[in-house]
Every structure is written in C-alpha cells, then in structure tokens.
Amino acid sequence: MNPTPAHEQSRIPQQTRILVQTAAAVCEEKKGENTRILELDPVDSGLSDFFLVTSALNDRQAIAIADEIELRLKRDFGVYAHSVEGRRQGEWILLDYVDFVVHVFLAERRAFYDIERLRKSARPLTPAEFDEELKAALKEKTRAARGKRAARSADRAAKRAPIKKSAAKKSPAQKSPVKKAAAKKTVRKK
C-alpha cells in the first residue's frame, strides 16, 4: 500500500519541512539552477527524509549557495549541519542535516552523477510545489486545532448551561431561609 501525501506529511516533522523550504529559498535567491526536492521513500531510504539538489554555474557560486544555506539555517533556526563535504573543490558540496541532505553541484557533475536517477522511488518536487504542500498541511493543522478548541469550548458551555438554568428556575417558594425570614419581617412591619 502506497502512503498518501497526507500520511507522508504526518510522518515527517513540520520543522524539517520548514528547514527544507528555507534551504530551497536560499538556492533560488542565490540563482541555483534546476532546484529539486526529492521526498525519499521511507522504505527505500533510512538516511533522511529529503534530498535538496541544485546546480551552480561555477565553484564560487556553489560555495556561496552552501555558505548561505548554513548561515540562514544557523541564524534563523539554530540548526547546524551535521557534516559538510566538498567545500574546498566546490564541484559537489554536501550539507548533511540528518533529516535532509543538501547537494550543491556544478552542472557537469550533476549530469555525471545523476542523483535523481539513483533515487527513482523518490518523489521529485519543485520548491513551488513543496511550498504549496507545506501551506496546505499548515492550513489543515490549523483547522484541526481550531476544531478541537471549538469542541472544548462547546463542552465547557454545555457543562455550565444546566447550572445557570437551575438557578434561574427557582420559584419564590424555593428561596433560601435567610431570604424567607427577611421577606416575613417586611410583611409584618407593614
């Protein structure tokens, strides 16, 4: 049985998806070409949940993309790469964040290694498609949270309602003894 995208989204923590989205945005900002997010099949890959693959025109651009990804994830989320490989040559830079791995290739090296072909079971996404899925997941999570909150407040209101009704239905004969005595005194004085 193949898992549905909704099942996949519940399997992968939201924080990981946000980190991948941020790294993909950096690739786009730094003019990375043909940026793809590969959502790896959990059965096939025990390594990580995502591969982010992008191409650079030269080694300086590849290093700049990798540096900016590291800086942004460190500054915004306090997340550091577990391992960094290939920074000196700049032909293939690998940033391992455990839950996802970023591959920054020179265009020739990317064509040679063809990492997308090696992971045929992975679901390829563009950053825009990934962004739309993330927004949809966040909307669904918000709806579910609001629904739970509304249900709790309705339960609380239902519990309070019988108490208010019973207090309002008391007849004058059911008044407390103190009020009865005060009512008798005012009647006698007249």
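Looking only at residues of segment 32-55 that are within 21 Å of Phe112 (Cα to Cα) and of a type in the set (D, E, K, R), we find that the one that is modelled with the highest pLDDT is Glu33.
If we scan segment 139-149, do we find a residue that is part of a strand (DSSP E or B) and in contact (Cβ under 8 Å) with a residue 24 or more places away in the chain? No, there is no match, as no residue in segment 139-149 is part of a strand (DSSP E or B) and in contact (Cβ under 8 Å) with a residue 24 or more places away in the chain. Right, Ile65: within 18 Å of Thr22 (Cβ to Cβ) and touching a Gly at 6+ places or on another chain (Cβ under 7 Å) or not? Here the answer is yes, as Ile65 does meet what is asked.
Taking segment 11-59 as the range and being within 19 Å of the chain's Cα centre (by Cα), among the hydrophobic types (A, V, I, L, M, F, W, C) and either part of a loop (DSSP other than H, G, I, E, B) or closer than 19 Å to Leu94 by Cβ (or both) as the test, the residues that pass are Ile12, Leu19, Val20, Ala23, Ala24, Val26, Ile37, Leu38, Leu40, Phe50, Phe51, Leu52. Here Ala62 passes the criteria (1) in a helix (DSSP H, G or I); (2) out of contact with any strand residue (DSSP E or B) (no Cβ under 6 Å at 6 or more places or on another chain) except the one numbered (2). Beta carbons closer than 7 Å, at least 6 apart along the sequence or on distinct chains, pair a first residue in segment 84-111 that is under 19 Å from Leu19 (Cα atoms) with a second that is at pLDDT below 90 and of a type in the set (Gly, Ala, Ser) for Val98/Ser48; Asp99/Ser48; Phe100/Ser48; Val101/Ser48. Hey, among Phe77, Phe112, which residue is modelled with pLDDT under 95 and touching a helix residue (DSSP H, G or I) at 6+ places or on another chain (Cβ under 8 Å)? Residue meeting the stated conditions: Phe77. Considering only segment 36-58, state which residues are more than 18 Å from Asp96 (Cβ to Cβ) and either among the aromatic types (Phe, Trp, Tyr) or surrounded by 15 or more Cβ atoms within 10 Å (Cβ to Cβ) (or both). Matches in segment 36-58: Asp41, Ser55, Ala56. All conditions but one from (1) within 18 Å of the chain's Cα centre (by Cα); (2) in contact (Cβ under 8 Å) with a residue 12 or more places away in the chain; (3) surrounded by 12 or more Cβ atoms within 10 Å (Cβ to Cβ) apply to Asp76; the one that does not is (3).
The values are calculated or read from the model by the stated rules, or taken from the named source; none is laboratory data. It should be emphasised that the depicted structure is a prediction, and the values quoted were computed from it without experimental measurement. When we count neighbours, we look across all protein chains shown, and the Cβ atoms used for this are built from the backbone with ideal geometry, even at glycine.
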